[in-house]
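So the structure is just underneath, and the comments pick up after that.
The values are calculated or read from the model by the stated rules, or taken from the named source; none is laboratory data. Given the structure is predicted, the values throughout are model-derived calculations rather than measurements. Cβ coordinates were reconstructed from backbone atoms using ideal geometry, including for glycine residues, and neighbour counts include every protein chain displayed.
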Amino acid sequence: MTQSWQLEAEAAIGRGVTAKRFRLANGLGLIAAIDRRAPIVALQTWYRVGSRHEQPGATGMAHLFEHLMFGQTEELPPGEFDRLVERTGGESNAATWVDWTYYRLSLPARDLPLGVRLESERMQHLVLEPVPVEAERDVVTNERRERVEDDVDGSLDEQLMAQAFTVHPYRWPTIGWMEDIRALALPHIRDFYRTWYAPNNACLVVVGDFDERALLSLVESHYGHIEPATLPAASRIVEPEQTRERIVRLPKPIATDRLLVGYKAPGQDDPDWATLEIIATMLAGCPSARLYRRLVIEREAASSVDAQLTPFHDPSLLRLAVTTARGHGADEVIREIDAELAAMAGHGDGTGKPPSRGEVEKAKAIAETDFWSALVDLDGKAEALGHYETALGDFRKVNAIAERLAAVTVDDVVRAVNTYLRPERRTIVIAEPEPDSAEEAA
Amino acid sequence: MSPTGPTGPTVIVEASPDTPLVWFDVAIRGGASADPNGVEGLHRHAALLARRGAGRRARAELDETLDGYGAAIDVSISRDAVTLSGLALTRHLDAVVELAADVLAEPMWSEDEHARLLRETPQVLDEIRDDDSALATRWFDWVCCPGHAYGRTSLGTEASLARIERAAAVDLWRREVVADNLVIGLAGDVDEAAAARVVARLSERLPKGPRPVSAPVVPAETARGRRVILVDKPDRTQAQLRIGHLSVRYGDQDTAALAVAEAVLGGMFSSRLMQEIRVKRGWSYGAGCALRRSRLPHWFEIWMAAGIDVAGPAVALTLDLLADYAANGPTDDEVDFARSYLVGAMPFHVATARQRMQLAVRDAVFELPAGFTARLPEALAELSATDVRAACARCLDAGSAVTVAVTTADQARGALEGAGAGALTVVDHDEY
């Protein structure tokens, strides 16, 4: 290790791979995990900035950067970033969500120095001029049309968050409201870059075939001189407790009702998050899951059902997504959901069973398979490390949460259902067929 | 890859102890292209029905048992094969394989599940109609080359589903699920002895008869002339576009050259389509192209989702780009760049045991020589720019390009009629 680096943490990540977190004096984090099973590397740069760090009226800014960061820099003409990566056979991409933005490079191992140089360059020297910004704004508005305006699931998702949260920044969509995307002003875009794109707000994650000493030296040479930024104080906005059910209905050109039900749930670092993850699996995470069996197989009231617990830093939602079957409607499905949850809570109407030890063990076995599946390839390992480091502050929580999942009991499940999955804590958005569509489906 | 002998399944094993997981794929040659005429959806129906109860276990018990192991056995249907895909924690591998063997050898063929599946499938059609991208693909498959076996839907239509009988599903399974007709792939935490045990369990109870002769799938002549199918759906802000034509099979003599051609036109961010459609004009979030990888000649297809106000110009520009590319091909520099990209990218496609296994299974289903895809970099190294240009001239045909646009007719029809894309037909989005 060079003298500039401080080793802060070390932990096994999967079989035969150890991840270490180092830090430079300017605050830059580096998580390195050697895995030599293929001559490639995953290089990801995670920034602690997502849509939660935006302001009302300027939503979509973090996501816009996901596009702009592939543009011109002081050293790289327009398009050169992609050409340099593609010439190696590598791939680049990026993702933005509520708590973070990350940039992903998958490169042949020998091209890791190129990747580090490119990431360092765009952290410091992005050129933000009117013409390329306007071009990317057009691309983003088309992305939004494709994923939200013309996509029923995308529009339901957006409305769920908008209705479920009244003050917390999770209430606006990561891609931004259309009118905000169109109005983002260049001076504010430049301010956003200077504010958040800094070494003390970033963590590099490198997984793959590399030499640790060479990597430390390489990263230090490209980042060691960069001054840290003065970061805004962390937002402490707390969403008030929801005490009444909220329901919204939207007409859409679809064949049958679709609904999203979001129950307020704790943040991912809360001990109850693991219990709710097990509950999500028990509800709809496998072919024998309760809601799948009740709604799709027994009642034939739905054609699909899904449950997802969002992995956010702050309290968010456990979401149930249901597409109703022909001849059935959202209200009927909601009644069935209520009956199943009542059974899980221990006060059912006799149409469902209370949770058993075997059922919980089944969900834990599925969680174990999911845990290992996420660590199969280099990108998956890097994403797990980057997410936990950025959203929860410590990459080692990837293991801690796996341990919490393995420790969940039937009593935990019953308590969590009674605590969280209550009607007054939920928001429901329903897409209903427009009159013409309904007539055609009938 | 190692065939077990002169008869028996083709077997592929890619061992890796990285995680305590084992994946197995059992590909049954045949697939949706071999559905009887008028009974489209039969292969899918038979495979899903087989998975809904087998051996001693009815559907609920089978699901419960698999979930208890944290395992999965899923069914997928392509044009060329039905594939049973399993995932198991190593410690449960033998038990999970036993369940998969039951599905292959002893489905229950429950009458109730047969009837339920017939009720469920039209709702999958509804879900496709609700999804513009899936709807565009379904229509494009149908209209690209009328009469081609790959144009028939693997899901079925409301009319064809009404003709599916349980006995036909049983008969299909008995005819096609014979040891010689299988390709078995294993990947993950599995040693040689365990692999041999798994292969034996999966195949030992199956009939030993010869591979069935697939229904003849003769590619139809390419329809001449351009045409546009506007799939009318209300309230659209965009047009989901598919543009293409019948081309060649994966494994054809031009495969390596076409890989380069497709990368230059629409396989990279720096490709011509992305630069012209997205970067220069901002008309679509993405734009790309690909030759569909299949056993028989399949489509060369371009896709994008253009704003409804620019759908006409986007189609016109794309057809101009395709015509120019078919006539003149890529430049020498473009060929060098794309070759560098493709050769450098191969390690990412074979980085995990599961990826290597799946590529080898696909090659076997396509009846290609073992290692065909993994050896493509060698073929790429021998290519000249002239080879690529010649392949473009042989395999790309803007004059026969079919355009499918899922969009709102009131707003887009005029612009699409003026795009030089050929005669336009408007159909309703739930018509097919």
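Go over the candidates A:LYS362, A:LYS397 one by one and state the one that is crowded, with 16+ Cβ neighbours inside 10 Å, within 14 Å of another protein chain (Cβ to nearest Cβ) and not β-branched (Val, Ile, Thr).
Among A:LYS362, A:LYS397, only A:LYS362 is crowded, with 16+ Cβ neighbours inside 10 Å, within 14 Å of another protein chain (Cβ to nearest Cβ) and not β-branched (Val, Ile, Thr).
A quick yes/no check of all residues on (1) among the polar types (S, T, N, Q); (2) assigned by TED's automatic domain parsing to the domain that holds A:GLY285; (3) closer than 24 Å to A:SER303 by Cβ; (4) at pLDDT 95 or above:
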{"position": "A:HIS328", "(1), (2), (3), (4)": "no, yes, yes, yes"}
{"position": "A:GLU336", "(1), (2), (3), (4)": "no, yes, yes, yes"}
{"position": "A:ALA343", "(1), (2), (3), (4)": "no, yes, yes, yes"}
{"position": "A:GLY348", "(1), (2), (3), (4)": "no, yes, no, no"}
{"position": "A:GLU361", "(1), (2), (3), (4)": "no, yes, no, yes"}
{"position": "A:SER373", "(1), (2), (3), (4)": "yes, yes, no, yes"}
{"position": "A:LYS381", "(1), (2), (3), (4)": "no, yes, no, yes"}
{"position": "A:LEU385", "(1), (2), (3), (4)": "no, yes, no, yes"}
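Pick from A:LEU64, A:LEU43: which is modelled with pLDDT of 95 or more, assigned to a helix (DSSP H, G or I) and within 27 Å of A:ASN200 (Cα to Cα)?
A:LEU64
Say we look at the range A:368-394 and pick out the residues that are aromatic (Phe, Trp, Tyr) and in contact with a helix residue (DSSP H, G or I) (Cβ under 8 Å, 6 or more places away or on another chain); which of these is surrounded by the most Cβ atoms within 10 Å (Cβ to Cβ)?
The qualifying residue surrounded by the most Cβ atoms within 10 Å (Cβ to Cβ) is A:TYR388.
Condition check ((1) within 24 Å of A:GLY285 (Cβ to Cβ); (2) assigned to a helix (DSSP H, G or I); (3) within 11 Å of chain A (Cβ to nearest Cβ)) across all residues:
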{"position": "B:ASP25", "(1), (2), (3)": "yes, no, no"}
{"position": "B:GLY38", "(1), (2), (3)": "no, no, no"}
{"position": "B:ALA47", "(1), (2), (3)": "yes, yes, no"}
{"position": "B:ARG79", "(1), (2), (3)": "no, no, no"}
{"position": "B:VAL82", "(1), (2), (3)": "no, no, no"}
{"position": "B:ALA88", "(1), (2), (3)": "yes, no, yes"}
{"position": "B:GLU98", "(1), (2), (3)": "yes, yes, no"}
{"position": "B:TRP109", "(1), (2), (3)": "no, no, no"}
{"position": "B:HIS114", "(1), (2), (3)": "no, yes, no"}
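Identify, by number, the condition in (1) within 26 Å of the chain's Cα centre (by Cα); (2) basic (Lys, Arg); (3) more than 12 Å from chain B (Cβ to nearest Cβ) that A:LYS353 doesn't meet.
Single failed check for A:LYS353: (1).
Between B:ALA381, B:ALA385, which is in contact with an Asp or Glu (Cβ under 7 Å, 6 or more places away or on another chain), surrounded by fewer than 21 Cβ atoms within 10 Å (Cβ to Cβ) and in contact (Cβ under 8 Å) with a residue 40 or more places away in the chain?
B:ALA385
Exactly one of (1) at pLDDT 95 or above; (2) out of contact with any His (no Cβ under 8 Å at 6 or more places or on another chain); (3) within 14 Å of chain B (Cβ to nearest Cβ) is unmet by A:ASP138. Its number?
Unmet condition: (1).
Which pairs turn up if I take residues in the range A:416-442 that are within 11 Å of another protein chain (Cβ to nearest Cβ) and at pLDDT 95 or above and look for partners that are crowded, with 16+ Cβ neighbours inside 10 Å and assigned to a strand (DSSP E or B) with beta carbon separation below 9 Å, at least 6 apart in sequence or on another chain?
Going by the 9 Å Cβ cut-off, the qualifying pairs are A:ALA431/A:LYS252; A:ALA431/A:ARG258; A:ALA431/A:LEU259; A:ALA431/A:LEU260; A:PRO433/A:LYS252.
Would you point out the residue of the range B:153-205, among those that are touching a strand residue (DSSP E or B) at 6+ places or on another chain (Cβ under 6 Å) and polar (S, T, N, Q), that is farthest from B:GLY86 (Cα to Cα)?
Among those residues, the one meeting the criterion is B:SER154.
So which helices (runs of 4 or more DSSP H) stay within the range B:127-185 end to end and still have 1 or more residues that are touching a Pro at 6+ places or on another chain (Cβ under 8 Å) and within 14 Å of chain A (Cβ to nearest Cβ)? Reasoning before the result, please.
Numbers: elements: B:132-143, B:158-161, B:166-176.
Filter on the range B:127-185 gives B:158-161.
Got at least one residue in the range B:33-48 being surrounded by fewer than 20 Cβ atoms within 10 Å (Cβ to Cβ) and more than 25 Å from the chain's Cα centre (by Cα)?
So far as the range B:33-48 goes, no, none of its residues is surrounded by fewer than 20 Cβ atoms within 10 Å (Cβ to Cβ) and more than 25 Å from the chain's Cα centre (by Cα).
Does A:THR18 satisfy the criteria of being touching a strand residue (DSSP E or B) at 6+ places or on another chain (Cβ under 6 Å), among the polar types (S, T, N, Q) and buried (at least 18 other Cβ atoms within 10 Å of the Cβ)?
When the stated conditions are applied, A:THR18 does not pass them.
It is to be established whether one or more residues within the range B:51-71 are under 26 Å from B:TRP299 (Cα atoms), outside the structural domain of B:TRP299 (by TED's automatic domain parsing), among the β-branched types (Val, Ile, Thr) and in contact (Cβ under 8 Å) with a residue 12 or more places away in the chain.
no
With respect to the numbered conditions (1) in contact with a Phe, Trp or Tyr (Cβ under 7 Å, 6 or more places away or on another chain); (2) among the aliphatic types (A, V, I, L, M); (3) under 18 Å from A:TYR102 (Cα atoms), which one is the sole condition not fulfilled by A:LEU392?
(1)
So, in the range B:174-229, exactly how many residues are at positive phi and at pLDDT 95 or above?
Taking the range B:174-229 as the starting set, the residues that turn out to be at positive phi are B:188, B:225.
Subsequent filtering for residues that are at pLDDT 95 or above retains B:188.
Here the count works out to 1.
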